[in-house]
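Asks: Have a look at this one before I ask anything.
The values are calculated or read from the model by the stated rules, or taken from the named source; none is laboratory data. All of these numbers come straight from a predicted model, not from anything done at the bench. As a convention, Cβ positions derive from the backbone with ideal geometry for all residues, glycine included, and neighbour counts pool all protein chains shown. For accessibility, only protein heavy atoms count, side chains too; no ligands or nucleic acids. Shrake-Rupley method; radii C 1.70, N 1.55, O 1.52, S 1.80 Å.
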Amino acid sequence: MAENGLMEKLVSLAKRRGFVFQSSEIYGGLGSVWDYGPLGVELKRNIRDLWWQDMVRSRPDIEGLDAGILMHPSVWEASGHVEEFTDPLVECRNCHRRFRADEVTNQCPVCGTKDQFTPPRMFNLMFRTFMGAVEDEAAQVYIRPETAQGIYVNFLNVLNSSRQRVPFGIAQIGKAFRNEITPGNFIFRTREFEQMEMQFFVKPGTEGEWFEYWKNARFEWVVSLGIREKKLRLHQHTPDELAHYAVEAHDIEYEFPFGWHEFEGIHNRTDFDLTQHQERSGKKLEYVDAAANERYIPYVIETSGGVDRLLLVVLADAYREEEVGGEKRVVLGLKPELAPIKAAVFPLVKKDGMPEVARKIAADLRREFPIFYDETGSIGRRYRRQDEAGTPFAITIDGQTLEDQTVTVRDRDTLEQERVAADALAPYLRKAIG
Ligand code: GAP
(Lines give C-alpha, C1' and ligand atoms only; values in the text may rest on other atoms or scores of the structure.)
Protein backbone atom coordinates (compact mmCIF):
# COMPACT_ATOMS: atom_id res chain seq x y z
CA MET A 1 0.00 0.00 0.00
CA ALA A 2 1.21 3.52 -0.72
CA GLU A 3 2.37 5.08 2.53
CA ASN A 4 0.79 8.44 1.68
CA GLY A 5 -1.34 9.54 4.55
CA LEU A 6 -0.65 6.37 6.53
CA MET A 7 0.09 8.30 9.72
CA GLU A 8 -3.22 10.18 9.50
CA LYS A 9 -5.01 6.88 8.88
CA LEU A 10 -3.31 5.27 11.87
CA VAL A 11 -4.12 8.17 14.21
CA SER A 12 -7.73 8.09 13.05
CA LEU A 13 -8.06 4.29 13.38
CA ALA A 14 -6.34 4.41 16.78
CA LYS A 15 -8.97 6.83 18.04
CA ARG A 16 -11.96 5.20 16.29
CA ARG A 17 -11.23 1.74 17.63
CA GLY A 18 -9.93 2.77 21.06
CA PHE A 19 -6.19 2.18 20.75
CA VAL A 20 -4.80 5.66 21.49
CA PHE A 21 -6.40 8.95 22.53
CA GLN A 22 -4.89 12.37 22.94
CA SER A 23 -4.25 13.22 26.59
CA SER A 24 -6.75 15.63 28.18
CA GLU A 25 -8.52 15.92 24.84
CA ILE A 26 -11.58 17.70 26.24
CA TYR A 27 -9.24 20.54 27.32
CA GLY A 28 -7.62 20.77 23.89
CA GLY A 29 -5.00 18.11 24.58
CA LEU A 30 -1.61 18.15 26.29
CA GLY A 31 1.35 18.38 23.94
CA SER A 32 2.79 15.00 23.07
CA VAL A 33 1.18 12.93 25.78
CA TRP A 34 -1.14 10.11 24.71
CA ASP A 35 -3.56 7.82 26.53
CA TYR A 36 -4.12 4.17 25.66
CA GLY A 37 -7.74 3.09 25.28
CA PRO A 38 -9.31 -0.36 25.77
CA LEU A 39 -7.59 -1.97 22.78
CA GLY A 40 -4.35 -0.01 23.13
CA VAL A 41 -3.86 -1.04 26.71
CA GLU A 42 -4.22 -4.72 25.75
CA LEU A 43 -1.83 -4.37 22.82
CA LYS A 44 0.71 -2.59 25.00
CA ARG A 45 0.38 -5.26 27.67
CA ASN A 46 0.90 -8.00 25.08
CA ILE A 47 4.08 -6.28 23.85
CA ARG A 48 5.40 -5.99 27.40
CA ASP A 49 4.44 -9.57 28.27
CA LEU A 50 6.14 -11.02 25.17
CA TRP A 51 9.29 -9.01 25.96
CA TRP A 52 9.25 -10.06 29.62
CA GLN A 53 8.74 -13.70 28.66
CA ASP A 54 11.63 -13.57 26.18
CA MET A 55 14.03 -11.51 28.29
CA VAL A 56 13.29 -12.60 31.86
CA ARG A 57 11.07 -15.63 32.39
CA SER A 58 12.56 -17.86 29.72
CA ARG A 59 16.16 -17.14 30.77
CA PRO A 60 18.05 -18.32 33.82
CA ASP A 61 20.57 -15.47 33.48
CA ILE A 62 18.30 -12.39 33.64
CA GLU A 63 16.47 -11.06 36.71
CA GLY A 64 13.59 -8.57 36.75
CA LEU A 65 13.40 -5.28 38.63
CA ASP A 66 10.89 -2.49 39.16
CA ALA A 67 12.71 0.57 40.53
CA GLY A 68 11.18 3.93 41.47
CA ILE A 69 10.75 6.70 38.94
CA LEU A 70 12.12 9.21 41.47
CA MET A 71 15.71 8.60 42.51
CA HIS A 72 18.37 10.35 44.60
CA PRO A 73 19.51 13.47 42.69
CA SER A 74 23.14 12.29 42.91
CA VAL A 75 22.22 9.42 40.57
CA TRP A 76 21.77 11.87 37.70
CA GLU A 77 24.91 13.81 38.55
CA ALA A 78 26.96 10.60 38.60
CA SER A 79 25.37 9.23 35.43
CA GLY A 80 26.27 12.39 33.52
CA HIS A 81 22.66 13.29 32.75
CA VAL A 82 22.75 16.64 34.60
CA GLU A 83 25.76 17.68 32.53
CA GLU A 84 25.28 15.86 29.24
CA PHE A 85 21.62 14.97 28.66
CA THR A 86 20.99 18.05 26.57
CA ASP A 87 19.88 19.09 23.11
CA PRO A 88 20.91 22.33 21.38
CA LEU A 89 17.95 24.73 21.46
CA VAL A 90 17.36 27.80 19.31
CA GLU A 91 14.50 30.29 19.44
CA CYS A 92 13.03 32.26 16.53
CA ARG A 93 13.25 35.94 17.48
CA ASN A 94 10.13 36.66 15.45
CA CYS A 95 7.55 34.06 16.61
CA HIS A 96 9.44 32.84 19.73
CA ARG A 97 8.96 29.17 18.83
CA ARG A 98 11.79 26.91 19.99
CA PHE A 99 13.46 24.17 17.97
CA ARG A 100 16.30 21.69 18.17
CA ALA A 101 19.16 23.43 16.40
CA ASP A 102 20.07 20.27 14.47
CA GLU A 103 16.52 19.97 13.07
CA VAL A 104 16.21 23.41 11.41
CA THR A 105 17.97 25.32 8.64
CA ASN A 106 18.32 29.11 8.80
CA GLN A 107 14.57 29.52 8.24
CA CYS A 108 11.90 29.23 10.95
CA PRO A 109 9.59 26.31 10.01
CA VAL A 110 6.63 28.05 11.68
CA CYS A 111 6.72 31.72 10.59
CA GLY A 112 9.22 31.45 7.73
CA THR A 113 11.51 34.24 9.01
CA LYS A 114 15.13 33.80 7.90
CA ASP A 115 18.33 34.20 9.96
CA GLN A 116 16.52 35.16 13.15
CA PHE A 117 17.45 32.24 15.39
CA THR A 118 19.15 32.90 18.72
CA PRO A 119 22.56 31.22 19.17
CA PRO A 120 22.09 27.58 20.27
CA ARG A 121 22.09 26.93 24.00
CA MET A 122 22.15 23.51 25.62
CA PHE A 123 18.76 22.54 27.04
CA ASN A 124 18.55 19.72 29.60
CA LEU A 125 15.81 17.24 28.79
CA MET A 126 15.19 16.05 32.34
CA PHE A 127 11.96 17.06 34.06
CA ARG A 128 12.42 18.39 37.57
CA THR A 129 10.13 18.51 40.57
CA PHE A 130 10.37 18.97 44.35
CA MET A 131 10.21 16.31 47.01
CA GLY A 132 8.57 17.24 50.29
CA ALA A 133 6.86 20.42 51.37
CA VAL A 134 9.70 22.87 50.71
CA GLU A 135 10.27 23.91 47.11
CA ASP A 136 13.93 24.90 47.24
CA GLU A 137 17.00 23.64 45.42
CA ALA A 138 17.83 21.15 48.14
CA ALA A 139 14.46 19.46 47.56
CA GLN A 140 14.82 19.23 43.80
CA VAL A 141 14.59 15.77 42.24
CA TYR A 142 14.60 14.57 38.65
CA ILE A 143 11.98 12.43 36.96
CA ARG A 144 13.94 9.64 35.35
CA PRO A 145 14.74 10.03 31.65
CA GLU A 146 15.78 6.34 31.34
CA THR A 147 15.05 3.28 33.47
CA ALA A 148 18.66 2.03 33.25
CA GLN A 149 19.94 3.95 36.29
CA GLY A 150 17.49 2.13 38.58
CA ILE A 151 19.24 -1.05 37.49
CA TYR A 152 22.79 0.23 38.08
CA VAL A 153 22.09 1.45 41.61
CA ASN A 154 20.52 -1.94 42.40
CA PHE A 155 23.33 -3.96 40.82
CA LEU A 156 24.67 -5.24 44.16
CA ASN A 157 21.20 -5.80 45.66
CA VAL A 158 20.17 -8.03 42.77
CA LEU A 159 23.55 -9.77 42.58
CA ASN A 160 23.54 -10.62 46.28
CA SER A 161 19.89 -11.61 46.54
CA SER A 162 19.66 -13.69 43.36
CA ARG A 163 23.03 -15.52 43.51
CA GLN A 164 23.63 -14.76 39.83
CA ARG A 165 27.16 -14.93 38.44
CA VAL A 166 28.61 -12.68 35.73
CA PRO A 167 27.56 -12.77 32.90
CA PHE A 168 23.99 -11.97 33.88
CA GLY A 169 21.39 -9.30 33.24
CA ILE A 170 18.78 -7.18 34.99
CA ALA A 171 15.65 -6.16 33.09
CA GLN A 172 13.04 -3.55 33.77
CA ILE A 173 9.95 -2.08 32.12
CA GLY A 174 8.78 1.36 33.20
CA LYS A 175 7.92 4.94 32.43
CA ALA A 176 10.55 7.50 31.48
CA PHE A 177 10.13 11.22 30.87
CA ARG A 178 11.97 13.65 28.61
CA ASN A 179 11.17 17.29 28.05
CA GLU A 180 11.70 16.89 24.30
CA ILE A 181 12.08 20.19 22.42
CA THR A 182 10.30 18.89 19.34
CA PRO A 183 8.12 15.89 20.13
CA GLY A 184 5.88 14.58 17.40
CA ASN A 185 4.79 11.93 14.94
CA PHE A 186 2.00 10.66 17.18
CA ILE A 187 3.41 8.26 19.81
CA PHE A 188 6.88 8.19 18.20
CA ARG A 189 8.46 11.01 20.23
CA THR A 190 6.58 11.99 23.36
CA ARG A 191 7.44 13.54 26.71
CA GLU A 192 6.10 10.61 28.73
CA PHE A 193 6.82 7.13 27.43
CA GLU A 194 7.69 3.63 28.51
CA GLN A 195 10.95 1.75 28.12
CA MET A 196 11.86 -1.95 28.18
CA GLU A 197 15.52 -2.04 29.14
CA MET A 198 18.00 -4.75 30.05
CA GLN A 199 21.54 -4.25 31.32
CA PHE A 200 23.78 -7.30 30.80
CA PHE A 201 26.85 -7.35 33.07
CA VAL A 202 29.88 -9.05 31.52
CA LYS A 203 33.56 -9.60 32.24
CA PRO A 204 35.72 -6.84 30.67
CA GLY A 205 37.19 -8.21 27.46
CA THR A 206 34.06 -10.22 26.57
CA GLU A 207 31.86 -7.21 25.72
CA GLY A 208 32.48 -7.54 21.95
CA GLU A 209 30.98 -11.01 21.69
CA TRP A 210 28.08 -10.12 24.00
CA PHE A 211 27.34 -7.01 21.95
CA GLU A 212 27.06 -9.18 18.81
CA TYR A 213 24.91 -11.69 20.68
CA TRP A 214 22.41 -9.07 21.92
CA LYS A 215 22.30 -7.18 18.64
CA ASN A 216 21.26 -10.37 16.83
CA ALA A 217 18.95 -11.62 19.58
CA ARG A 218 17.01 -8.36 19.75
CA PHE A 219 16.66 -8.13 15.96
CA GLU A 220 15.36 -11.71 15.81
CA TRP A 221 12.84 -11.01 18.55
CA VAL A 222 11.38 -8.11 16.60
CA VAL A 223 11.10 -10.37 13.54
CA SER A 224 9.34 -12.98 15.72
CA LEU A 225 6.57 -10.41 16.33
CA GLY A 226 5.72 -10.65 12.63
CA ILE A 227 7.28 -7.31 11.60
CA ARG A 228 8.29 -7.42 7.91
CA GLU A 229 12.07 -7.83 7.67
CA LYS A 230 12.33 -5.57 4.63
CA LYS A 231 11.11 -2.72 6.87
CA LEU A 232 13.82 -3.34 9.46
CA ARG A 233 17.51 -2.54 9.49
CA LEU A 234 20.41 -2.02 11.89
CA HIS A 235 22.17 1.31 11.99
CA GLN A 236 25.57 1.69 13.62
CA HIS A 237 26.12 5.00 15.43
CA THR A 238 28.88 7.23 14.13
CA PRO A 239 31.09 8.76 16.86
CA ASP A 240 29.07 12.00 16.88
CA GLU A 241 25.78 10.10 17.30
CA LEU A 242 26.93 8.17 20.38
CA ALA A 243 25.35 9.04 23.75
CA HIS A 244 27.77 10.23 26.42
CA TYR A 245 27.83 6.79 28.09
CA ALA A 246 28.35 4.59 25.00
CA VAL A 247 31.41 3.54 23.01
CA GLU A 248 29.42 1.51 20.50
CA ALA A 249 25.74 1.47 19.57
CA HIS A 250 23.46 -0.08 16.99
CA ASP A 251 19.88 1.04 16.50
CA ILE A 252 17.17 -1.25 15.26
CA GLU A 253 15.31 0.97 12.82
CA TYR A 254 11.91 0.68 11.14
CA GLU A 255 10.86 2.38 7.93
CA PHE A 256 8.03 4.51 9.35
CA PRO A 257 5.82 6.54 6.98
CA PHE A 258 8.05 9.51 7.96
CA GLY A 259 11.34 7.68 7.27
CA TRP A 260 13.79 5.25 8.87
CA HIS A 261 13.98 5.75 12.65
CA GLU A 262 15.19 3.93 15.74
CA PHE A 263 12.84 2.11 18.09
CA GLU A 264 15.46 0.11 20.04
CA GLY A 265 19.16 0.57 20.73
CA ILE A 266 21.89 -1.88 21.73
CA HIS A 267 24.68 -0.04 23.56
CA ASN A 268 28.10 -0.90 24.90
CA ARG A 269 28.12 1.28 28.04
CA THR A 270 31.47 -0.15 29.24
CA ASP A 271 31.99 0.18 33.01
CA PHE A 272 31.02 3.87 32.75
CA ASP A 273 27.85 3.90 34.87
CA LEU A 274 28.97 1.52 37.63
CA THR A 275 32.33 3.33 37.91
CA GLN A 276 30.59 6.69 38.15
CA HIS A 277 28.22 5.43 40.85
CA GLN A 278 31.07 3.78 42.76
CA GLU A 279 33.01 7.05 42.79
CA ARG A 280 30.06 9.23 43.70
CA SER A 281 28.50 6.97 46.34
CA GLY A 282 31.74 5.68 47.82
CA LYS A 283 30.26 2.14 47.72
CA LYS A 284 32.25 -0.59 45.99
CA LEU A 285 30.34 -1.85 42.97
CA GLU A 286 32.79 -4.59 42.03
CA TYR A 287 32.03 -8.14 41.14
CA VAL A 288 34.11 -10.68 43.03
CA ASP A 289 34.88 -13.89 41.19
CA ALA A 290 36.17 -16.00 44.05
CA ALA A 291 36.88 -19.06 41.91
CA ALA A 292 39.14 -17.10 39.56
CA ASN A 293 40.44 -14.92 42.39
CA GLU A 294 39.46 -11.77 40.48
CA ARG A 295 37.52 -8.62 41.17
CA TYR A 296 36.38 -6.09 38.60
CA ILE A 297 33.67 -3.62 37.65
CA PRO A 298 31.66 -5.41 34.96
CA TYR A 299 31.10 -3.96 31.50
CA VAL A 300 27.49 -3.48 30.43
CA ILE A 301 25.73 -4.29 27.19
CA GLU A 302 22.38 -2.55 27.23
CA THR A 303 19.28 -3.29 25.16
CA SER A 304 16.88 -0.36 25.30
CA GLY A 305 13.54 -0.27 23.53
CA GLY A 306 10.48 1.95 23.72
CA VAL A 307 7.13 0.26 24.32
CA ASP A 308 5.18 3.08 22.65
CA ARG A 309 7.52 3.26 19.69
CA LEU A 310 7.36 -0.51 19.17
CA LEU A 311 3.57 -0.26 19.39
CA LEU A 312 3.70 2.29 16.56
CA VAL A 313 5.91 -0.11 14.56
CA VAL A 314 3.39 -2.89 15.17
CA LEU A 315 0.41 -0.74 14.10
CA ALA A 316 2.15 0.72 11.03
CA ASP A 317 3.35 -2.68 9.91
CA ALA A 318 -0.02 -4.38 10.41
CA TYR A 319 -2.21 -1.77 8.68
CA ARG A 320 -3.53 -2.66 5.25
CA GLU A 321 -6.42 -1.74 2.98
CA GLU A 322 -7.98 -4.33 0.67
CA GLU A 323 -10.83 -4.77 -1.79
CA VAL A 324 -13.16 -7.59 -0.86
CA GLY A 325 -16.22 -8.23 -3.04
CA GLY A 326 -16.04 -4.69 -4.41
CA GLU A 327 -15.85 -3.18 -0.92
CA LYS A 328 -12.86 -1.64 0.81
CA ARG A 329 -11.81 -3.18 4.09
CA VAL A 330 -9.21 -1.95 6.56
CA VAL A 331 -7.34 -4.74 8.34
CA LEU A 332 -4.84 -4.75 11.16
CA GLY A 333 -2.96 -7.94 10.39
CA LEU A 334 -1.60 -8.30 13.92
CA LYS A 335 0.04 -11.56 14.89
CA PRO A 336 -2.52 -13.41 17.05
CA GLU A 337 -0.20 -13.23 20.11
CA LEU A 338 -0.28 -9.43 19.86
CA ALA A 339 -3.95 -8.95 19.00
CA PRO A 340 -5.86 -7.19 21.81
CA ILE A 341 -8.95 -9.37 21.21
CA LYS A 342 -8.32 -12.96 20.22
CA ALA A 343 -11.80 -13.80 18.97
CA ALA A 344 -15.16 -12.13 18.41
CA VAL A 345 -18.37 -14.08 18.99
CA PHE A 346 -21.48 -13.23 16.96
CA PRO A 347 -24.95 -14.74 16.73
CA LEU A 348 -25.83 -14.60 13.02
CA VAL A 349 -29.21 -13.08 13.88
CA LYS A 350 -30.63 -11.73 17.11
CA LYS A 351 -33.35 -14.39 17.44
CA ASP A 352 -34.08 -18.14 17.40
CA GLY A 353 -32.03 -18.66 20.57
CA MET A 354 -28.74 -17.78 18.81
CA PRO A 355 -27.78 -14.90 21.19
CA GLU A 356 -28.19 -17.18 24.22
CA VAL A 357 -25.91 -19.86 22.74
CA ALA A 358 -23.42 -17.22 21.58
CA ARG A 359 -23.29 -15.50 24.98
CA LYS A 360 -22.62 -18.83 26.67
CA ILE A 361 -19.79 -19.60 24.22
CA ALA A 362 -18.32 -16.11 24.76
CA ALA A 363 -18.50 -16.49 28.55
CA ASP A 364 -16.76 -19.89 28.42
CA LEU A 365 -13.96 -18.63 26.16
CA ARG A 366 -13.52 -15.44 28.20
CA ARG A 367 -12.05 -17.50 31.03
CA GLU A 368 -8.97 -17.99 28.88
CA PHE A 369 -8.99 -15.37 26.08
CA PRO A 370 -9.93 -11.72 25.58
CA ILE A 371 -13.25 -12.07 23.72
CA PHE A 372 -15.57 -9.49 22.15
CA TYR A 373 -19.28 -10.21 21.91
CA ASP A 374 -21.49 -8.36 19.43
CA GLU A 375 -25.07 -9.06 18.35
CA THR A 376 -26.02 -5.77 16.69
CA GLY A 377 -25.80 -4.71 13.03
CA SER A 378 -25.21 -6.78 9.92
CA ILE A 379 -22.74 -9.63 10.17
CA GLY A 380 -20.62 -7.96 7.46
CA ARG A 381 -20.29 -4.76 9.49
CA ARG A 382 -19.45 -6.74 12.61
CA TYR A 383 -16.67 -8.56 10.72
CA ARG A 384 -15.27 -5.24 9.40
CA ARG A 385 -15.08 -3.69 12.87
CA GLN A 386 -13.09 -6.65 14.12
CA ASP A 387 -10.81 -6.57 11.06
CA GLU A 388 -9.92 -2.99 12.01
CA ALA A 389 -9.33 -4.03 15.61
CA GLY A 390 -6.95 -6.77 14.44
CA THR A 391 -9.08 -9.61 15.88
CA PRO A 392 -7.77 -12.77 14.20
CA PHE A 393 -10.90 -14.95 14.56
CA ALA A 394 -14.63 -14.35 14.34
CA ILE A 395 -16.91 -17.10 15.63
CA THR A 396 -20.46 -17.13 14.30
CA ILE A 397 -23.37 -19.01 15.77
CA ASP A 398 -25.91 -19.83 13.06
CA GLY A 399 -28.89 -22.09 12.39
CA GLN A 400 -26.70 -25.16 12.08
CA THR A 401 -25.21 -24.53 15.54
CA LEU A 402 -28.61 -25.16 17.06
CA GLU A 403 -28.74 -28.54 15.32
CA ASP A 404 -25.21 -29.92 15.61
CA GLN A 405 -23.37 -27.60 18.07
CA THR A 406 -20.83 -26.48 15.47
CA VAL A 407 -19.93 -22.86 14.73
CA THR A 408 -18.08 -21.11 11.91
CA VAL A 409 -14.65 -19.66 12.58
CA ARG A 410 -13.66 -16.92 10.13
CA ASP A 411 -9.97 -16.21 9.63
CA ARG A 412 -9.29 -12.45 9.47
CA ASP A 413 -6.54 -12.77 6.86
CA THR A 414 -7.71 -15.55 4.50
CA LEU A 415 -11.43 -14.87 5.07
CA GLU A 416 -11.91 -18.63 5.02
CA GLN A 417 -14.58 -20.07 7.26
CA GLU A 418 -14.22 -23.40 8.97
CA ARG A 419 -16.83 -25.35 10.93
CA VAL A 420 -15.62 -26.23 14.38
CA ALA A 421 -17.42 -28.01 17.22
CA ALA A 422 -18.35 -25.44 19.88
CA ASP A 423 -16.72 -27.51 22.61
CA ALA A 424 -13.46 -27.63 20.58
CA LEU A 425 -13.13 -23.84 20.32
CA ALA A 426 -10.78 -23.37 23.27
CA PRO A 427 -8.15 -25.86 21.99
CA TYR A 428 -8.65 -24.44 18.46
CA LEU A 429 -7.83 -20.91 19.64
CA ARG A 430 -5.01 -22.09 21.91
CA LYS A 431 -3.33 -23.76 18.93
CA ALA A 432 -3.95 -20.87 16.53
CA ILE A 433 -2.69 -18.20 18.94
CA GLY A 434 0.47 -20.13 19.78
N1 GAP B 1 18.98 3.77 28.41
C2 GAP B 1 19.34 4.13 27.07
C3 GAP B 1 18.36 4.96 26.42
O4 GAP B 1 17.45 5.50 27.04
P5 GAP B 1 17.70 5.96 24.09
O6 GAP B 1 18.21 5.61 22.72
O7 GAP B 1 17.75 7.39 24.51
O8 GAP B 1 18.53 5.06 25.09
C9 GAP B 1 15.92 4.11 24.09
O10 GAP B 1 16.22 5.45 24.26
C11 GAP B 1 14.55 3.92 23.47
O12 GAP B 1 13.57 4.63 24.23
C13 GAP B 1 14.42 4.49 22.05
O14 GAP B 1 14.87 3.56 21.08
C15 GAP B 1 12.93 4.72 21.95
O16 GAP B 1 12.27 3.53 21.60
C17 GAP B 1 12.54 5.10 23.37
N18 GAP B 1 12.45 6.56 23.48
C19 GAP B 1 13.43 7.43 23.76
N20 GAP B 1 12.97 8.70 23.77
C21 GAP B 1 11.64 8.62 23.49
C22 GAP B 1 10.58 9.58 23.36
N23 GAP B 1 10.79 10.87 23.56
N24 GAP B 1 9.35 9.13 23.03
C25 GAP B 1 9.12 7.81 22.86
N26 GAP B 1 10.06 6.87 22.99
C27 GAP B 1 11.32 7.26 23.29
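Asks: Looking at the structure I just gave you, is Ile397 at pLDDT below 95, of a type in the set (Val, Ile, Thr), surrounded by 13 or more Cβ atoms within 10 Å (Cβ to Cβ) and over 23 Å from Tyr36 (Cα atoms)?
Replies: Here the answer is no, as Ile397 does not meet what is asked.
Asks: Now a separate question. For the range 252-264, give me each residue that is near the ligand (Cβ under 9 Å from one of its atoms) and buried (at least 21 other Cβ atoms within 10 Å of the Cβ).
Replies: Matches in the range 252-264: Ile252, Phe263, Glu264.
Asks: Hey, another quick one. In the range 289-339, which strands (runs of 3 or more DSSP E) lie fully inside it and hold 1 or more residues that are closer than 21 Å to Arg218 by Cα, within 16 Å of the ligand (Cβ to nearest atom) and modelled with pLDDT of 95 or more?
Replies: Passing ranges, in order: 299-306.
Asks: Every residue in the range 147-173 that is open to solvent by less than 10 Å² (accessible area, probe 1.4 Å) and within 12 Å of the ligand (Cβ to nearest atom), please.
Replies: Selection gives Thr147, Ala148, Gln149, Gly150, Ile151, Tyr152, Gln172.
Asks: Here is a follow-up. Which of the residues spanning the range 41-88 are within 23 Å of Gln276 (Cα to Cα) and hydroxyl-bearing (Ser, Thr, Tyr)?
Replies: Ser74, Ser79, Thr86
Asks: A further question follows. Inside the range 104-131, can you point out the residues that are aliphatic (A, V, I, L, M) and without any contact (Cβ under 8 Å) to a residue 24 or more places away in the chain?
Replies: Once the filter is applied, which keeps residues that are aliphatic (A, V, I, L, M) and without any contact (Cβ under 8 Å) to a residue 24 or more places away in the chain, the range 104-131 yields Val104, Val110.
Asks: Got a number for residues in the range 226-251 being of a type in the set (A, V, I, L, M), away from the ligand (no atom under 13 Å from the Cβ) and part of a loop (DSSP other than H, G, I, E, B)?
Replies: 2
Asks: Let me ask something else. Quickly run through the range 340-352 and pick out the residues that are open to solvent by less than 10 Å² (accessible area, probe 1.4 Å) and assigned to a loop (DSSP other than H, G, I, E, B).
Replies: Hit for the range 340-352 is Pro340, nothing else.
Asks: Let me ask something else. Which ranges mark the helices (runs of 4 or more DSSP H) fully within the range 1-105 that have 1 or more residues being open to solvent by less than 30 Å² (accessible area, probe 1.4 Å) and under 25 Å from Ala339 (Cβ atoms)?
Replies: 6-16, 38-52
Asks: Let me ask something else about it. Please indicate, with yes or no, whether at least one residue in the range 205-223 is open to solvent by 60 Å² or more (accessible area, probe 1.4 Å), of a type in the set (Gly, Ala, Ser) and at pLDDT 95 or above.
Replies: Within the range 205-223, one or more residues are open to solvent by 60 Å² or more (accessible area, probe 1.4 Å), of a type in the set (Gly, Ala, Ser) and at pLDDT 95 or above.
Asks: For residues that are of a type in the set (Val, Ile, Thr) and assigned to a helix (DSSP H, G or I), scanning just the range 124-181, find the one that is farthest from His244 (Cα to Cα).
Replies: Checked the range 124-181; the qualifying residue farthest from His244 (Cα to Cα) is Val158.
Asks: Quickly run through the range 397-419 and pick out the residues that are under 23 Å from Arg329 (Cβ atoms) and β-branched (Val, Ile, Thr).
Replies: Ile397, Val407, Thr408, Val409, Thr414
Asks: If you don't mind, there's one more thing I want to ask. Would it be correct to say that Lys342 is among the charged types (D, E, K, R), more than 16 Å from the ligand (Cβ to nearest atom) and in contact with a helix residue (DSSP H, G or I) (Cβ under 9 Å, 6 or more places away or on another chain)?
Replies: Taking the combined requirement at face value, the residue satisfies it.
Asks: The conditions are (1) open to solvent by 30 Å² or more (accessible area, probe 1.4 Å); (2) over 16 Å from Val409 (Cα atoms); (3) basic (Lys, Arg), and Arg359 fails exactly one of them. Which is it?
Replies: Of (1) open to solvent by 30 Å² or more (accessible area, probe 1.4 Å); (2) over 16 Å from Val409 (Cα atoms); (3) basic (Lys, Arg), only one is false for Arg359: (2).
Asks: Just one of (1) assigned by TED's automatic domain parsing to the domain that holds Phe272; (2) exposed (fewer than 12 other Cβ atoms within 10 Å of the Cβ) trips up Pro119, so point out which.
Replies: Here Pro119 clears every test but (1).
Asks: Something else about it: Please go through (1) within 11 Å of the ligand (Cβ to nearest atom); (2) at positive phi; (3) modelled with pLDDT of 95 or more for Gly184 and return the number of the only condition it doesn't satisfy.
Replies: Unmet for Gly184, out of (1) within 11 Å of the ligand (Cβ to nearest atom); (2) at positive phi; (3) modelled with pLDDT of 95 or more: (3).
Asks: Being free of Cβ contacts under 8 Å to residues at least 24 places away in the same chain and open to solvent by 40 Å² or more (accessible area, probe 1.4 Å) is the requirement here; does Leu242 meet it?
Replies: The answer is yes for Leu242.
Asks: So, one more: Report yes if some residue within the range 215-225 is assigned to a strand (DSSP E or B) and out of contact with any Leu (no Cβ under 6 Å at 6 or more places or on another chain); otherwise report no.
Replies: no
Asks: Scan the range 155-171 for residues that are in contact with a strand residue (DSSP E or B) (Cβ under 6 Å, 6 or more places away or on another chain) and either within 11 Å of Ala67 (Cβ to Cβ) or not assigned by TED's automatic domain parsing to the domain that holds Trp52 (or both) and jot them down.
Replies: Within the range 155-171, Val158, Ile170 meet the criteria.
Asks: Restricting attention to the range 305-321, which residues are buried (at least 23 other Cβ atoms within 10 Å of the Cβ) and small (Gly, Ala, Ser)?
Replies: Result: Gly305, Gly306.
Asks: Let me ask another. Could you look through the range 190-204, keep only residues that are surrounded by fewer than 21 Cβ atoms within 10 Å (Cβ to Cβ) and not in a strand (DSSP E or B), and pick out the one that is nearest to the ligand (Cβ to nearest atom)?
Replies: Here the answer is Arg191.
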